[in-house]
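The structure appears below as structure tokens.
The values are calculated or read from the model by the stated rules, or taken from the named source; none is laboratory data. These figures come from a predicted structure and were not determined experimentally. Ideal geometry is used to build each Cβ from the backbone, glycine not excepted, and the neighbour counts take in all protein chains shown. We work out accessible area using only protein heavy atoms, side chains counted, and drop any ligands, DNA or RNA first. Shrake-Rupley method; radii C 1.70, N 1.55, O 1.52, S 1.80 Å.
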Amino acid sequence: MKPNFITATRSALLAGALLAPATLLAPVALAQDAKPEVKPLPETPEQRDARMNWFREARFGMFIHWGLYAVPAGEYNGKTNYGEWFLEETKMPVSQYEKYADQFNPTKFSAEEWVKLAKDAGMKYIVITSKHHDGFAIYPSKLTDWDIERTPFKRDPLKELADACKKEGIKLCFYHSIMDWHHPDWGTRRAWNDVAQGTPNMDRYVDFMKGQLKELLTNYGPIGIVWFDGEWESPWTHARGVDLYNYVRTLQPQTIVNNRVGKGRSGMQGMDKGQGVGDYGTPEQEIPPTGFGLGVDWESCMTMNNHWGYNKNDQNWKSSQMLIRNLIDCASKGGNYLLNVGPTAEGLIPGPSIERLKDIGAWMKANRDAIYDTTASPFKKLSWGRVTKKSDGKNTTLFLHVWNWPQDGKLVVPGLKNTPRFAYQLDGKAKLNAVQDAKGITIDVPQKAPDAISSTIVLVVPGTPIVEDQGLAQNADGTLQLTPADATAHGEVKVEQKAGGKDNFGFWLNANDYVEWTFKAVRPGKYEVTTETAGESTSALDLILGNQKVRAAIPASGDYAKFQKVTLGTIEIAAPGSVTLQLKPTGDWKPINLRTLEFKPAP
Ligand code: FHN
């Protein structure tokens, strides 16, 4: 008989630990590490590579956030911006939230349809929420009555997904939240948790969590990844993370565990900030500016709109172009792309998500070889797109992902010193002329780009690529584009990716943050510098190059999404060579968003 959640978990019952309801106040501080320091399991580099191999080859997976929060679908009390954080953000009494279980009956759910959709999009693995922060287990658990059996839907979605994944050759993986807003033993009890009783006890909670992980890692076949999350609250510690990592790996030694099992995640950048545990880093809603070198595995997880969980009002969908370019960008930096869908309470993946997955699948059908089993680009930055590569030990195949198609029919691979063996268009295999010249390797390409989103040109060179870093360079006619992606950002300011190459600097909230570009000047002279800015207030920037400082007044556009062209001023390049241009807040600075800088010879 399952323990009834109202009386806490089984171990609490046995221990007679039922006390007067804990004061439903702010988080309860608990003894730190109740366990001695434990060491990660021993594993040779070769064993680790063998275990990580499928992940590195896959490059692309589907994230699924599915739970009771799909019932309100983002709406409550006239507000429409909720998602999977519904319980926390509404601070609804848990007893009231539990009633959503009575309405969760996804009769239109088809595991086969979901898995086929992922597979046809080119995804190799699926990570689904077995339990999100609300503690609701979307499978039948023997350890709680806060699970799928509480709903009218008397099936096991995870079992059906496991069968469909096995049939279609897709890896099944589980997202599992460490933090649990519902469980009475989670260390930071919410004041609105009116069903939890007793004093939180993290050792008891960890026993419960391990019990559920044992169910998940015993009853659903081989699990590719346990994707932990919700690790940031103080009751969770590094030592508990190491212990949990080991526990998962003793249940299924081949399972991969992300870095959110411990405390290593550096915010949304997702990479370890030092003391970490887990097999790979987890940037969230962003793609790192560069890769992290061989052996450093990472995966960028992103939504298609603004929500992980289903929100029926959120129609802010990223374009298929952006999603495809994100996938390429991740692969070009040696990482994976985990793209999210948030199914409805009926069990349907939203139509706009399906449309985008089909677009991605069409591109992947023609270009999958340029993504799967590739490694990071040997180039720092390219003005026309990205590069992925494969090596057979004798030759290196470079996949040139061209986003800005050369209008003069000449695709220049800057600084590449190898003699080209041959080049061709990936789709159609049309042979292309490739010659080595002072710039690197120049390939004659057709006038029209084969693919409006990203055209793949294959260039095979002997041995490993020898690249002389060209860095950013002014064009021979003096023009120059300095994009946000090419900049070095100092502080919290970051690049917001937008469709159609309209990336902008965003989150530029701190007057101490600034951005800079270092580039090779080739044509001395005076240049007018223009850009596009958006912001609610007027602002001001200093354009700094050498000992020149030009004050630029930035007008308000009224909205952070409404960009207007702005002339920043005229700056002089005195001589050819490496120069650094800085943009620094000044005077009556107010937050702004800012796009690419354009240099044009001054009139
Ligand atoms: O709080 C969660 C959030 O709901 C969502 O699950 C994302 C997905 O990676 N992870 C956490 C925020 O970092």
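What you get for the chain, charging only the Cβ of Lys and Arg (+1) and of Asp and Glu (-1), is a dipole of about 1060 debye around the Cα centre.
Just the protein heavy atoms count here, and of the accessible area of the range 153-290 at 1.4 Å, carbon and sulfur take up 54 percent. Rg then Dmax, both in Å and based on the Cα atoms of the range 415-540: 19.0, 55.
Before I look further, what does the range 477-594 give for accessible area per residue, probe 1.4 Å, in whole square angstrom?
Numbers: 5500 Å² over 118 residues.
Accessible area per residue: 47 Å².
Database remark: amide H of Val566 closer than 5 angstrom to the amide H of Thr531, Glu532, Thr533 (H placed geometrically; neighbours at sequence offset of 5 or more, or on other chains; Pro and chain starts carry no H).
For the range 246-321, what number results from the quotient of the Cα radius of gyration and 2.2 N^0.38 Å? Before the final figure, lay out each step's value.
Numbers: Rg = 15.1 Å, N = 76, 2.2 N^0.38 = 11.4 Å.
Here the Cα radius of gyration is 1.32 times the empirical estimate.
Classify the range 272-392 as rounded, prolate or oblate, taking a ≥ b ≥ c as the square roots of the eigenvalues of its Cα gyration tensor: rounded when a/c is under 1.5, otherwise prolate if a/b is larger than b/c and oblate if not.
Numbers: a/c = 2.18, a/b = 1.43, b/c = 1.53.
Because a/c hits 1.5 or more and a/b fails to exceed b/c, the range 272-392 counts as oblate.
Surface exposure of the range 114-178, expressed per residue as accessible area with a 1.4 Å probe, stands at 30 Å².
Taking the convex hull of the alpha carbon positions in the chain and averaging its projected area over all directions gives 29.2 nm². Measuring spread by the Cα atoms of the range 537-603 yields a radius of gyration and Dmax of 12.9, 39 Å.
The phi-based Karplus calculation (6.51 cos²θ - 1.76 cosθ + 1.60; θ = phi - 60°) puts the 3J(HN,Hα) values of the range 544-553 at 10, 9, x, 8, 8, 9, 10, 7, 10, 7 Hz, whole numbers, x for Gly and Pro. Each Cα pair under 8 Å and six or more residues apart adds its sequence gap; the mean of these over the residue count of the range 418-519 is a relative contact order of 21 percent.
Taking only protein heavy atoms and a 1.4 Å probe, the accessible area of the range 474-603 is 49% carbon and sulfur. Between helix 157-168 and the chain there is an angle of about 50 degrees, using the helix long axis and the longest principal axis of the Cα atoms.
In terms of its C-alpha gyration tensor, the range 77-133 comes out prolate, because a/c is 1.5 or above and the ratio a/b outweighs b/c. A Cα-only calculation for the range 182-267 places Rg and Dmax at 13.7, 40 Å.
Averaging over all projection directions, the Cα-based convex hull of the range 332-474 occupies 10.0 nm² in the image plane.
Only Lys, Arg, Asp and Glu count, each charged at its Cβ (+1, +1, -1, -1), so figure out the dipole size of the range 492-584 about its Cα centre, rounded to 20 debye.
Working: 11 positive and 11 negative charges, 65 e Å.
Dipole about the Cα centre, nearest 20: 320 debye.
Once the Cα atoms are used to define both axes, helix 45-58 deviates from the longest principal axis of the chain by about 80 degrees. Projecting the Cα atoms of Gln481, Gly546, Pro524 onto the charge dipole of the range 481-575, computed from C-beta unit charges around the Cα centre, puts Pro524 farthest toward the positive end. Comparing Asn259, Ile128, Cys330 along the charge dipole axis of the chain, the residue lying farthest to the positive side is Cys330, per the Cβ-charge model.
Once the piece of chain linking Ala366 and Thr290 is laid out straight, how much longer is it, given 0.36 nm per residue of separation minus the C-alpha distance between them? Numbers along the way, then the final one.
Values: separation 76, 0.36 × 76 = 27.36 nm, distance 2.59 nm.
My answer for the length gained is 24.8 nm.
Taking the chain as the reference, fit the longest principal axis to its C-alpha atoms, fit the long axis of helix 320-332 to the helix C-alpha atoms, and give the angle between the two in degrees, 0 to 90, nearest 10. Here the helix axis deviates by roughly 90 degrees.
With r as the distance between the Cβ atoms of Asp588 and Asp437 and R0 = 35 Å, compute the FRET efficiency 1/(1 + (r/R0)^6) and round to 0.05.
Computed FRET efficiency for Asp437 and Asp588 comes out at 0.10.
At a probe radius of 1.4 angstrom, the accessible area of the range 212-325 per residue rounds to 34 square angstrom.
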